[in-house]
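Worksheet: one structure, shown below.
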Amino acid sequence: MVSERMRRNLDAYLDAAEAASHSGDWTTVAEKARAALAIEADNADALIEGFRRWRLKIAKSRLKRGLSQ
């Protein structure tokens, strides 16, 4: 269980990850998700943000390869 202060930090990291995802800043999404996981390793929101970033990165890579052929 995390303290109230750590909970506020965790929420701030998750909010920042969500905001970064809306602008397509996947590096920041990953950084904030990792920071949240460092506070609470089993935090589902951070895991989801990290997975979402990875999935979108893969999709963009496939799209880019398809357009360049």
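Worth a mention:
- Residue count for the stretch 27-69, restricted to those that are of a type in the set (A, V, I, L, M, F, W, C), within 28 Å of Glu4 (Cα to Cα) and in a helix (DSSP H, G or I): 13.
- Every condition in (1) within 14 Å of the chain's Cα centre (by Cα); (2) open to solvent by 60 Å² or more (accessible area, probe 1.4 Å) holds for Ala20 except the one numbered (2).
- Residues of the stretch 8-19 that are modelled with pLDDT under 90 and farther than 13 Å from Ala46 by Cβ: Ala19 alone.
- Sole exception among (1) part of a loop (DSSP other than H, G, I, E, B); (2) at pLDDT below 80; (3) open to solvent by less than 40 Å² (accessible area, probe 1.4 Å) for Met1, by number: (3)
The values are calculated or read from the model by the stated rules, or taken from the named source; none is laboratory data. Everything quoted here is computed from the prediction, not taken from an experiment. Cβ coordinates were reconstructed from backbone atoms using ideal geometry, including for glycine residues, and neighbour counts include every protein chain displayed. In case anyone asks, the SASA skips ligands and DNA or RNA and just uses the protein heavy atoms, side chains included. Shrake-Rupley method; radii C 1.70, N 1.55, O 1.52, S 1.80 Å.
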